[in-house]
Amino acid sequence: MMLLCVAFLFTSCAEDRQQGAERVGSFPLQEVRLLDGPFKHARDLDVKVLLQYDTDRMLAPFRREAGLPKKAEVFPNWAGMDGHVSGHYLSALAMAYAATGDEECRRRAEYMLSELAECQEANGDGYVGGIPGGKTVWDKVRAGDGAAVSEMWVPWYNLHKMYAGLRDAWLYLGDDRARGMFLDFCDWGLGVIAALDDEQMELMLDTEFGGMNEIYADAYAMTGDTGYLDAARRFSHRKLFDSMARRIDNLDDMHANTQVPKAVGYQRVAELSGDSDYATAAEFFWETVTRNRTLSFGGNSRREHFPSAAECREYVEERQGPETCNTYNMLKLTEGLFRMHPDSRYADYYERAMFNHILSAQHPGHGGFVYFSSARPRHYRNYSAPNEAMWCCVGSGMEDHVKYGKFIYSHSGRDLYVNLFVASELDWEERGLRLVQETDFPASESSRLTLTLDRPERFALRLRYPSWVEAGELSVRVNGREWPVDAAPCSYFEIERRWKSGDTVEILLPMHFSVEAMPNVPDYISVLYGPVVLAARMGTEDLEGLVADDGRWGHIASGRLLPLDGAPVIAGTPDGALAKLQEAAAPVDGKPLHFICEGLFVPEEYRTLELEPFAGIHDCRYSVYFRCDGDAE
């Protein structure tokens, strides 16, 4: 059942396929198993953390709003958004079961569905919400007052999480009960917006509404009912959509994570309908955010908003750097765009964000989640704890680390894409093909693929040529023999042949240093080795709130801001920084991807500063951007 669900939900309609563009399919999570490495560690830790949460407290807001007897107390943190993390939690449990087979995750998900079904039945109209007093406001919207949603804290955003949770319970568990609950909830939403004219709809959409357009597009994919597709278009919010469709960047000072889910919905409408305006809107949004508004580790925004070009220097002044939820949603958008157009630049961004921002946003010991990753030199990040600190980035974080297997591989017809170099095993049951990828990349610069097939078969294996491997340097051997690589960086190349069991492919991925300037701030640069962002530890002074409590602002690392003039500086110009880095960097024995850069940094106390992967730096202050000062030479 699950395989059919996945195939149907992510299949484009006939009109779209007839346009002749290549479409790429995703593999179900249960067909991709992670092998030992940092991503498997993060996934397994995430499952452990998920099972520490009190499920009845997750359900308490829904029972309260349905008028059912209390079983547990609601979580006090972020009161007014009661229930928003619960939908993420249901999604994460379903994904965790698909990714690992953990029976307790399945049991908890099924328990949640049973309780939520009771709430939906008690509500009597398909509603499944935990918003305090929400029904009163929904009645106002139903009567034609779109602006009434501003009386609550982002209500559609809140509900979107439970919509997604129910969809994912069907998608990853194959639970038909969840499908029915999801569609009944969608029908409730159709009734709420039915009386809104275009003006009232736009007034309603001025309040953050998550990915409701994506939800209704998915309902259309599940049923073929065009009424749901019409609703997805109604949730498009013309203020953003019209600009993006005309390739006009109007994102300055907009709340970032309000906008990204809208673009995810544009992509889904385009994927399912073939609408070129929606495709343009999604693609241009991705382009302008990744090219002009994204930091080196893949995140975007400061104080939750997109800065203008003139305001980008605030990245090095603010404690509130990129928000993890933004990158969670940018990766969803990237996956969808790749399904429509399998371009290596999508995979390059996905790798950068996953290996650096997402992996770094989970504490590798206790498993807490990060909200803001500060780009201010010598600041730090803090973490959530189970059953406290119920932030939005806790909810998305629950999902982030159980779905690492989603984008490692893709397929198009009989051909297979290898998008990411992650230790993993693909079991393509439908094709009788098993592929094992053995690698400890990025700690080493290679990966080995071994294929097992039920019978010999001819198809193309499409391997990514990353943008960070220089032209002519990628090396591939098939069964020990050199294979010609007729491709350039930031592309895919094919190995088409008749494959048989036991065939091997060895890929050599030479990595080099590079530097990237902060967007619109050319005197601050970040250092990379291959796709890995390198940073420096800056001590443990005043890490106030390192593990957050239930306070309203506990997601902000509130310790003292240390003076910028005490941070390490690269002596020289940005143009000369790379040459000096290449000359100065020396590997640290026994510590992969750690480098001592003697003489690169000033003042003298930083002469032997050690750079290491940003994703591995926790429980301390750090610098991920460094100012270049030609006068300091």
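Return only the number of the condition from (1) surrounded by 16 or more Cβ atoms within 10 Å (Cβ to Cβ); (2) charged (D, E, K, R); (3) more than 14 Å from GLY129 (Cα to Cα) that ASP184 does not satisfy.
The failed condition is (3).
Condition check ((1) under 28 Å from LEU93 (Cα atoms); (2) in contact (Cβ under 8 Å) with a residue 24 or more places away in the chain; (3) in contact with a strand residue (DSSP E or B) (Cβ under 8 Å, 6 or more places away or on another chain); (4) crowded, with 16+ Cβ neighbours inside 10 Å) across all residues:
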{"position": "HIS160", "(1), (2), (3), (4)": "yes, yes, no, yes"}
{"position": "GLY174", "(1), (2), (3), (4)": "yes, yes, no, yes"}
{"position": "GLY180", "(1), (2), (3), (4)": "yes, no, no, no"}
{"position": "GLY211", "(1), (2), (3), (4)": "yes, yes, no, yes"}
{"position": "ASP230", "(1), (2), (3), (4)": "no, no, no, no"}
{"position": "ARG238", "(1), (2), (3), (4)": "no, yes, no, no"}
{"position": "ARG247", "(1), (2), (3), (4)": "no, yes, no, no"}
{"position": "LYS262", "(1), (2), (3), (4)": "yes, yes, no, yes"}
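Out of segment 531-553, which residues are under 24 Å from the mean Cα position of the chain (by Cα), in a loop (DSSP other than H, G, I, E, B) and more than 20 Å from TRP391 (Cα to Cα)? Let's see the steps before the verdict.
First pass over segment 531-553, keeping only residues under 24 Å from the mean Cα position of the chain (by Cα): 531-535, 546-548, 553.
Okay, now just the ones that are also in a loop (DSSP other than H, G, I, E, B), so 531, 546, 548, 553.
If the condition is that a residue be under 24 Å from the mean Cα position of the chain (by Cα), in a loop (DSSP other than H, G, I, E, B) and more than 20 Å from TRP391 (Cα to Cα), then PRO531 is the only one that fits.
Just the residues that are among the β-branched types (Val, Ile, Thr) and assigned to a loop (DSSP other than H, G, I, E, B), please, taken from segment 584-627. Quick ask: steps written out before the conclusion?
Kept after step one, since they are among the β-branched types (Val, Ile, Thr), are these residues of segment 584-627: 588, 596, 602, 608, 617, 624.
Matches in segment 584-627: VAL588, THR608, ILE617, VAL624.
Can you tell me which residue is farthest from the chain's Cα centre (by Cα) among those in segment 112-158 that are in a loop (DSSP other than H, G, I, E, B) and crowded, with 22+ Cβ neighbours inside 10 Å?
First pass over segment 112-158, keeping only residues in a loop (DSSP other than H, G, I, E, B): 124-133, 143-145, 152-154.
Now drop any that are not crowded, with 22+ Cβ neighbours inside 10 Å, which leaves 127-131.
On the way: TYR127: 28, VAL128: 25, GLY129: 25, GLY130: 25, ILE131: 25 Å.
My answer is TYR127.
Please find, within segment 557-573, the residue that is nearest to GLU612 (Cα to Cα) out of those that are surrounded by 18 or more Cβ atoms within 10 Å (Cβ to Cβ) and at pLDDT below 95.
Looking at residues that are surrounded by 18 or more Cβ atoms within 10 Å (Cβ to Cβ) and at pLDDT below 95, I get ALA571.
Those residues that are under 19 Å from TRP483 (Cα atoms), touching a residue at least 60 places away in the same chain (Cβ under 8 Å) and not hydroxyl-bearing (Ser, Thr, Tyr), I need them from segment 439-451; list them, please.
Of segment 439-451, the ones under 19 Å from TRP483 (Cα atoms) are 445-451.
Then drop every residue that is not touching a residue at least 60 places away in the same chain (Cβ under 8 Å), which leaves 445-447.
Of everything in segment 439-451, just one residue is under 19 Å from TRP483 (Cα atoms), touching a residue at least 60 places away in the same chain (Cβ under 8 Å) and not hydroxyl-bearing (Ser, Thr, Tyr), namely GLU445.
Residue check, HIS594 against (1) within 31 Å of the chain's Cα centre (by Cα); (2) modelled with pLDDT under 95; (3) not aliphatic (A, V, I, L, M), all met but one. Which one?
Exception for HIS594: condition (2).
Which residues, counting only those in segment 447-473, are among the aliphatic types (A, V, I, L, M), under 21 Å from ARG431 (Cα atoms) and more than 27 Å from the chain's Cα centre (by Cα)? Talk me through it step by step, then tell me what you get.
So the first thing to find is which residues in segment 447-473 are among the aliphatic types (A, V, I, L, M), and the list is 449, 451, 453, 460-461, 463, 469, 471.
From the residues that got through so far, the ones that are under 21 Å from ARG431 (Cα atoms) too are 449, 451, 453, 460-461, 463.
Those that are among the aliphatic types (A, V, I, L, M), under 21 Å from ARG431 (Cα atoms) and more than 27 Å from the chain's Cα centre (by Cα): LEU451, LEU453, ALA460.
Looking at (1) part of a helix (DSSP H, G or I); (2) without any contact (Cβ under 8 Å) to a residue 40 or more places away in the chain, which is the only condition LEU581 fails?
In the conditions (1) part of a helix (DSSP H, G or I); (2) without any contact (Cβ under 8 Å) to a residue 40 or more places away in the chain, LEU581 misses (2) alone.
Using beta carbons and a limit of 8 Å, which pairs, at least six apart or on different chains, have the first residue in segment 534-548 and more than 16 Å from ALA375 (Cβ to Cβ) and the second one of a type in the set (Asp, Glu) and surrounded by fewer than 21 Cβ atoms within 10 Å (Cβ to Cβ)?
That search, which allows pairs on different chains as well, returns THR540/ASP619; LEU543/ASP619; LEU546/ASP619; ALA548/GLU388.
Taking segment 213-226, which residues are touching a residue at least 24 places away in the same chain (Cβ under 8 Å) and either of a type in the set (Val, Ile, Thr) or within 21 Å of ALA143 (Cβ to Cβ) (or both)?
So in segment 213-226, the residues touching a residue at least 24 places away in the same chain (Cβ under 8 Å) come out as 213-223.
Within segment 213-226, ILE215, THR223 qualify.
So which residues in segment 527-547 are touching a strand residue (DSSP E or B) at 6+ places or on another chain (Cβ under 7 Å) and either within 25 Å of THR439 (Cβ to Cβ) or of a type in the set (Phe, Trp, Tyr) (or both), if there are any at all?
VAL527, LEU528, TYR529, VAL532, VAL533, LEU534, ALA535
Give me the residue from segment 11-54 that is more than 21 Å from the chain's Cα centre (by Cα) and crowded, with 17+ Cβ neighbours inside 10 Å and, out of that set, modelled with the lowest pLDDT.
At the first step, the residues of segment 11-54 found to be more than 21 Å from the chain's Cα centre (by Cα) are 11-23, 36, 51-54.
Then keep just the ones that are crowded, with 17+ Cβ neighbours inside 10 Å; that gives 12, 16, 23, 53.
Numbers: SER12: 43, ASP16: 38, ARG23: 83, TYR53: 98.
Looking at residues that are more than 21 Å from the chain's Cα centre (by Cα) and crowded, with 17+ Cβ neighbours inside 10 Å, I get ASP16.
Within segment 548-571, is there a residue that is farther than 24 Å from THR294 by Cα, in contact with a Ser or Thr (Cβ under 8 Å, 6 or more places away or on another chain) and in the same structural domain as ALA615 (by TED's automatic domain parsing)?
Looking through segment 548-571, at least one residue is farther than 24 Å from THR294 by Cα, in contact with a Ser or Thr (Cβ under 8 Å, 6 or more places away or on another chain) and in the same structural domain as ALA615 (by TED's automatic domain parsing).
Kindly list the number of the only condition in (1) at pLDDT 95 or above; (2) surrounded by fewer than 16 Cβ atoms within 10 Å (Cβ to Cβ); (3) over 30 Å from ASP82 (Cα atoms) that fails for GLU544.
That leaves (3) as the condition not met.
Among the strands (runs of 3 or more DSSP E) confined wholly to segment 436-527, which include 3 or more residues that are within 21 Å of TYR349 (Cβ to Cβ)?
On the way: elements: 446-453, 457-465, 475-478, 481-483, 491-499, 504-508, 513-518.
In segment 436-527, 457-465, 491-499, 513-518 are the strands (runs of 3 or more DSSP E) which contain 3 or more residues that are within 21 Å of TYR349 (Cβ to Cβ).
Of the residues ASN387, ASN356, which is more than 18 Å from GLN437 (Cβ to Cβ) and not in a helix (DSSP H, G or I)?
Details: ASN356 fails: not in a helix (DSSP H, G or I).
Answer to the check: ASN387.
I'm told GLU104 meets every condition in (1) in a helix (DSSP H, G or I); (2) touching a Ser or Thr at 6+ places or on another chain (Cβ under 7 Å); (3) more than 18 Å from TYR216 (Cβ to Cβ) except one. Can you identify the failing condition by its number?
(2)
Given the structure, is GLU388 modelled with pLDDT under 95, on the phi < 0 side of the Ramachandran plot, surrounded by fewer than 23 Cβ atoms within 10 Å (Cβ to Cβ) and charged (D, E, K, R)?
So GLU388 fits the description; yes.
Kindly indicate which of THR294, THR327 is in contact (Cβ under 8 Å) with a residue 60 or more places away in the chain and closer than 30 Å to GLY545 by Cβ.
THR294
Residues checked against (1) in contact with a helix residue (DSSP H, G or I) (Cβ under 8 Å, 6 or more places away or on another chain); (2) part of a loop (DSSP other than H, G, I, E, B); (3) over 26 Å from HIS363 (Cα atoms):
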residue	(1), (2), (3)
ASP46	yes, no, no
MET58	yes, no, no
PRO61	yes, no, yes
LYS71	yes, yes, yes
PRO76	no, yes, no
GLY80	no, yes, yes
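Taking the conditions exactly as written (under 28 Å from PRO568 (Cα atoms), in contact (Cβ under 8 Å) with a residue 60 or more places away in the chain and surrounded by 14 or more Cβ atoms within 10 Å (Cβ to Cβ)), does TYR465 satisfy them or not?
In short, no.
Taking the stated definitions as given, is ASP400 modelled with pLDDT of 95 or more, of a type outside the set (Lys, Arg) and more than 22 Å from the chain's Cα centre (by Cα)? Spell out how you get there, then give the answer.
On the way: modelled with pLDDT of 95 or more: yes; of a type outside the set (Lys, Arg): yes; more than 22 Å from the chain's Cα centre (by Cα): no.
When the stated conditions are applied, ASP400 does not pass them.
The values are calculated or read from the model by the stated rules, or taken from the named source; none is laboratory data. Owing to the predicted nature of the structure, the values given are computational and were not obtained by experimental measurement. All Cβ positions, even for glycine, are placed from backbone atoms using ideal geometry, and neighbour counts span all protein chains on display.
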